[in-house]
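Taking it in order: structure first as structure tokens, then the write-up.
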Amino acid sequence: MQTKVRFEHVSKQYNLGLTRTSLPSLISGWLKQSFKVTSAADDAPRNFWALQDVSFALQEGESLALVGSNGAGKTTILKLLSNITKPTSGTLKTYGKLSALIELGAGFHPDLTGRENIFLNGAILGISRQEITRRFDEIIDFSELENFIDTPVKRYSSGMTVRLGFAVASCIEPEILLVDEVLAVGDALFQEKCMRRIRTLLQHGTSIVFVSHNFYLVQAICNRALYLEKGQVKLDSGTKEVLDLYEQDLHKKRVAKLENGQTSAEGDESSAIEITGVEVLNHTGKHAELLPNNQSAEIRIHYNAYQTIQEMHVSVFIMRSDGLSCCMMRTKLADVALQVTRGQGVVSVFMEPLQLVTGAYYAEAWFLNSSDSMVITPKGGRSDWFQVRGSSLTYVSDSGIFEANSRWQHQAVSESALPLLHEHGHTATSAHRFDAVMLNGHG
């Protein structure tokens, strides 16, 4: 398998005080420094290491997620790969045609139309006009902007800009694709469309470096992740292992802030509780690869509470793989209120029976205040994907979202009760006598 990206002991340093890099500005700054007395504060180092000794390799058809807090160095890696900036030390190499979606609207001129910007962006990416012309209809079709393609981009919404940028970057079939948070702007259906496109690119050998704080997207796209902390690699492993460690570290940091009194005042529920895990279990309370939809299922929400909350509510959503929200369950609607004391706990909601049609789903949970109007957790909790087995063998989009508990009835009449149609100029129909039948079953 061919290597597409190689990072070898790469470091990148920035001067925090250097905001202008033109020659006159540099000379002016040097002269000012030369003729003034400097203090100890002036002599303090102002260099910032965005990356320190980072090494990794990316193979053909491999997808790599960059995970870490803001300022960890994720975007710096993408900028180095796309040749926007140069490393301070170390070497990096890319092999093959590269496309980058790093900043919203990058490579687009606001006064040009969508049509003109497609050719401009293609030229920036090193694609010939003939190639862009050949793929133009495909780009328009993917972006779903046919009615706005001759409108200046400055009148586009952020979502429309992302659609056009992703369409250009992905439809030219790059050998290396860099994606940084831009999918967060698109709606759920467009995210699903982009994910399908990314999977197709991976199958055809494109290597992808992906940055997102959306763990759902990271797990859906990448099978490997690089955990960065303060510019250094903390873990290079499978996506689940990296995300588990990252969430553990985030939890420790929040606990430390709470213990140091850096959170809200007592009585303020903001950040007083966090969701530490969401599980979906079968009717026996165990994990299972397949959940039969005619049996009950339990959604179990684990939490850590850092102070007492007199009253709160819980909302749970079941989301389908295409981003559709299938149902919402709320303690407020069930007239259930929860009181939480400091410590750990579990909240469960039971679906009896599950009823979802065959397909892939995940559960998402949020804690809200006493009026059920404001989220009180730093972020929601999300379960792993789970599969549902229904009466149909395959999932199709027009199957709906649940199989209802239904009751069927068939009432047949005997032949003697039918009117004699031939007396009115019609051919009489032959009928057999049926007894009334009642069919009870699962829909």
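Among the listed residues THR377, THR341, identify the single one that is in the same structural domain as ALA288 (by TED's automatic domain parsing), surrounded by 14 or more Cβ atoms within 10 Å (Cβ to Cβ), polar (S, T, N, Q) and touching a residue at least 12 places away in the same chain (Cβ under 8 Å).
Among THR377, THR341, only THR377 is in the same structural domain as ALA288 (by TED's automatic domain parsing), surrounded by 14 or more Cβ atoms within 10 Å (Cβ to Cβ), polar (S, T, N, Q) and touching a residue at least 12 places away in the same chain (Cβ under 8 Å).
In the stretch 352-371, how many residues are hydroxyl-bearing (Ser, Thr, Tyr), within 26 Å of the chain's Cα centre (by Cα) and assigned to a loop (DSSP other than H, G, I, E, B)?
Counting residues in the stretch 352-371 that are hydroxyl-bearing (Ser, Thr, Tyr), within 26 Å of the chain's Cα centre (by Cα) and assigned to a loop (DSSP other than H, G, I, E, B) gives 1.
Going through LEU80, LEU101, LEU64, LEU51 one at a time, which residue ends up being at pLDDT below 85 and under 30 Å from ASP244 (Cβ atoms)?
The unique qualifying residue is LEU101.
For (1) surrounded by fewer than 20 Cβ atoms within 10 Å (Cβ to Cβ); (2) over 19 Å from the mean Cα position of the chain (by Cα), each residue gets a yes or a no:
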{"position": "ILE198", "(1), (2)": "no, no"}
{"position": "GLN203", "(1), (2)": "yes, yes"}
{"position": "ILE208", "(1), (2)": "no, no"}
{"position": "LYS240", "(1), (2)": "yes, no"}
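In the stretch 154-171, how many are of a type in the set (A, V, I, L, M) and surrounded by fewer than 21 Cβ atoms within 10 Å (Cβ to Cβ)?
Adding up the residues that qualify gives 1.
Matching residues to (1) assigned by TED's automatic domain parsing to the domain that holds GLU229; (2) in contact with a helix residue (DSSP H, G or I) (Cβ under 6 Å, 6 or more places away or on another chain); (3) without any contact (Cβ under 8 Å) to a residue 24 or more places away in the chain; (4) of a type in the set (Lys, Arg):
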residue: LYS74; (1), (2), (3), (4): yes, no, no, yes
residue: LYS79; (1), (2), (3), (4): yes, no, yes, yes
residue: SER82; (1), (2), (3), (4): yes, no, no, no
residue: THR88; (1), (2), (3), (4): yes, no, no, no
residue: ALA123; (1), (2), (3), (4): yes, no, yes, no
residue: PHE136; (1), (2), (3), (4): yes, no, yes, no
residue: ILE149; (1), (2), (3), (4): yes, yes, no, no
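Are there any strands (runs of 3 or more DSSP E) wholly within the stretch 268-312 with 1 or more residues that are in contact with a His (Cβ under 6 Å, 6 or more places away or on another chain), and if so which?
By residue number, 273-281.
Just checking, how many residues over the stretch 205-239 are assigned to a loop (DSSP other than H, G, I, E, B) and touching a residue at least 40 places away in the same chain (Cβ under 8 Å)?
The qualifying residues number 7.
Going by the conditions given, is ARG382 over 23 Å from the mean Cα position of the chain (by Cα) and among the charged types (D, E, K, R)?
For ARG382, the condition - over 23 Å from the mean Cα position of the chain (by Cα) and among the charged types (D, E, K, R) - is not met.
Please go through the stretch 146-172 and give me each residue that is among the aliphatic types (A, V, I, L, M) and either outside any helix (DSSP H, G or I) or under 16 Å from GLN191 (Cα atoms) (or both), ordered by number.
ILE149, MET160, VAL162, LEU164, ALA167, VAL168, ALA169, ILE172
Taking into account only those residues within the stretch 344-368 that are touching a helix residue (DSSP H, G or I) at 6+ places or on another chain (Cβ under 9 Å) and among the β-branched types (Val, Ile, Thr), which is surrounded by the fewest Cβ atoms within 10 Å (Cβ to Cβ)?
If we take residues in the stretch 344-368 being touching a helix residue (DSSP H, G or I) at 6+ places or on another chain (Cβ under 9 Å) and among the β-branched types (Val, Ile, Thr), then THR358 is surrounded by the fewest Cβ atoms within 10 Å (Cβ to Cβ).
Hey, among the residues in the stretch 197-249 that are among the hydroxyl-bearing types (Ser, Thr, Tyr) and under 21 Å from THR276 (Cα atoms), which one's modelled with the highest pLDDT?
Selected residue: TYR227.
Inspect the stretch 320-335 for any residue being of a type in the set (S, T, N, Q) and surrounded by 16 or more Cβ atoms within 10 Å (Cβ to Cβ) and give the result as yes or no.
yes
The values are calculated or read from the model by the stated rules, or taken from the named source; none is laboratory data. As the structure is a computational prediction, the values presented were derived from the model and not from experiment. Neighbour counts are summed over all protein chains in view; Cβ atoms, including those assigned to glycine, are modelled from backbone coordinates with ideal geometry.
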